[in-house]
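Only the coordinates and a few stated rules stand behind these numbers; no lab work does. For clarity, every value in this text was computed on a predicted model and none was experimentally measured. As a convention, Cβ positions derive from the backbone with ideal geometry for all residues, glycine included, and neighbour counts pool all protein chains shown.
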Amino acid sequence: MPVAPPRPKDIPLTALRAFEAAARLHGFAAAAQELGVTPGAVTAHVKQLEVTLGAPLFTRTPRGVRLTALGQQTLPQFTQAFDALGQAVNDLRAAAAPRTVHIATLPAIAQLWLSPRLPALRAAAPDITVSITALEQPPNLKRSPYDLSLFFHDDPQDRIAPDTIFPVCAPSLAARLTSPDDIARFPCLSDAAWSDDWSLWAQSLPAPPAIAQGPTFSLYALAVEECVNGAGLLIGHEALVARHLADGRLTAPFAPRLTLQRGLRLWSDRPLRAGTAARFVADWLRRTPPDDAPLASPAPPATHP
């Protein structure tokens, strides 16, 4: 009779993913954020993997975790493997829906910079569908289903605009301001993610003015809207408030401006092949002038990725 010995138990792919992410990102919490699960789930997966292997991959300390020699030895292979798997999955998605482009971006950029440009983009390439996902942090494009990433970033490569900041307000409020010292008499609005905007700008002046505490908003676009409504002054990010300044809804009452080290960056971790929808969208967004004036669009992309 045929012999059917028991097959060694397979190691779950989820456990291997948890280990690789935790090892690469130096912690379970960071791995959980990237994988979209809880830190407890990452801990459980790694523990299951260690039990299956019969050997520890991490050393637990009060200050966190660090890789064992076994973990250090195997990490590069798993990182390479999961990068390759991510590339294969994204190639599959692109082949299945070659006319859809997925963009990950900051909520403020999605609302104030990207969304106003979409009508002209649709007119330039009506057969392309652009899907936008608002995220607080840039995703790992090697592992996530996004073609393009659009965030403020320190890396100067693929930068499409500087991040220049300065106070803005409604024209009615600007009429009551004569110098930066007047800022102390009015509420200074702020965004929770960019809470240091006011201090950065103020400290760039020879005589930093006093900053009056005002409401803090979890969404920069909401802070901009309240600023338009006359609720106070706000530090404007030029790339995001350019349209409001152009149409007069906001004004910049003072001349001093501060250009930060970071800038608005549009990039992909994967090569954007000529003729693909993602390449067309990336080129189009990079060519869009600051005032959103009409421009000659590049030739529509081919129908095959």
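Relative contact order for segment 145-257: 42 percent, from Cα pairs under 8 Å spaced at least 6 residues apart, divided by residue count. Could you tell me whether segment 108-151 comes out rounded, prolate or oblate from its Cα gyration tensor? Rule is a ≥ b ≥ c as square roots of the eigenvalues, rounded for a/c under 1.5, then prolate if a/b exceeds b/c, otherwise oblate. In terms of gyration-tensor shape, oblate. Karplus-derived 3J(HN,Hα) values for segment 159-169, using 6.51 cos²θ - 1.76 cosθ + 1.60 with θ = phi - 60°, are 6, 10, 6, x, 9, 9, 10, 5, x, 10, 6 Hz; glycine and proline are entered as x.
The relative contact order of the chain comes to 19 percent, based on Cα pairs under 8 Å that sit 6 or more residues apart. Please state the shape class of segment 162-260: rounded when a/c is under 1.5, otherwise prolate if a/b exceeds b/c and oblate if not, all from the C-alpha gyration tensor. Cα axes put segment 162-260 in the rounded bin. Couplings 3J(HN,Hα) of segment 262-268, computed from phi: 7, x, 6, 10, 10, 8, 9 Hz, in residue order, whole Hz [Karplus 6.51 cos²θ - 1.76 cosθ + 1.60, θ = phi - 60°; x for Gly and Pro].
Projecting label points 7 angstrom from Cα along Cα→Cβ for residue 286 and residue 136 puts them 3.1 nm apart.
Secondary structure note: in the chain, about 60% of the DSSP beta bridges are antiparallel.
Annotation for residue 59 and residue 219: the two label points, set 7 Å from Cα along the Cα-Cβ direction, are 4.8 nm apart.
What the Kirkwood sum gives for the chain is a hydrodynamic radius of 22.6 Å, with every pair of different alpha carbons counted. Rounded, prolate or oblate: which fits segment 9-153, taking a ≥ b ≥ c as square roots of the Cα gyration tensor eigenvalues, rounded meaning a/c under 1.5, else prolate when a/b beats b/c? It comes out prolate by the Cα gyration axes. In this label model, residue 176 and residue 199 are separated by 2.7 nm, measuring between points 7 Å along each Cα→Cβ vector. Looking at segment 4-101, none of the GluC sites (Glu not before Pro) sits in a DSSP loop with at most 14 other Cβ atoms within 10 Å of its own Cβ.
When the helices of the chain are scored as -39500 (n - 2.57) per DSSP H run of n ≥ 4 and the total is divided over every residue, the value at 222 nm lands at -11000 deg cm²/dmol. Against the main long axis of the alpha-carbon atoms of the chain, helix 39-53 sits at an angle near 20°.
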